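Structure record follows, encoded as structure tokens.
What follows draws every value from the coordinates through simple rules; no lab data is involved. Because the structure is a prediction, the values reported are computed rather than measured. So basically every Cβ, Gly included, is an ideal-geometry build from the backbone, and we count neighbours across all protein chains shown.
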Amino acid sequence: MSFVLALFVAAVFVYAGVAKFATFENWTFQARALGTPDPFVVLVPLAEIALAVLLVGGWWFEITVAASLAMLLAFTALLLVRLRDPERLPCSCFGATSQRPMSWLDVARNVVLIGVLISAYFAK
């Protein structure tokens, strides 16, 4: 069961990372508009893909789950801060495929992913 849960999160991470690289110019523009420092513009999609590989492989599972949770919590914190802005920018969570303004649905999605990761950890 742990593998299936980890695979679910890994699939979301791979989709997000690949979508960011596929639309890299758009992703960098949106990420910078959200206040992302330049090194993280490249590191975020790399981290998403790397964590997905580690989750599926089961290597360093506890550390990988912790790093994945940290990343999702950071993304969620950014969303919560940005949801207070009068003008809502696109989430850019999935590269250029995320053109709609960020919303509470993005926060809910992250909360679900966090719950799935915690469940995967305890199912191991």
Fewest-first ordering of 21, 8 by Cβ atoms within 10 Å yields 21, 8
In whole Å, largest first, what are the principal axis extents of the Cα atoms in the range 1-51?
-> 39, 18, 15
In the range 53-96, trypsin sites (Lys or Arg not before Pro) in a DSSP loop with at most 14 other beta-carbon atoms within 10 Å | 84, 88
Length-normalised contact order of the chain, Cα under 8 Å, at least 6 apart, in percent, tallies to 39
One quarter of the C-alpha convex hull surface, i.e. the mean projected area of the range 61-124 in nm², amounts to 4.5
Surface/4 of the Cα convex hull for the chain, nm² | 6.9
Place +1 on the Cβ of every Lys and Arg and -1 on the Cβ of every Asp and Glu in the chain, take the dipole about the Cα centre, and give the residue among 116, 72, 55 whose Cα lies farthest towards its positive end.
-> 116
List every DSSP H helix in the chain whose Cα atoms extend 15 Å or more along the helix's own long axis and whose mean Kyte-Doolittle hydropathy is at least 1.0.
-> 2-22, 38-57, 61-82, 104-123
Estimated dipole of the range 2-123 in Debye, rounded to 20 [Cβ of Lys and Arg +1, of Asp and Glu -1, Cα centre] = 220
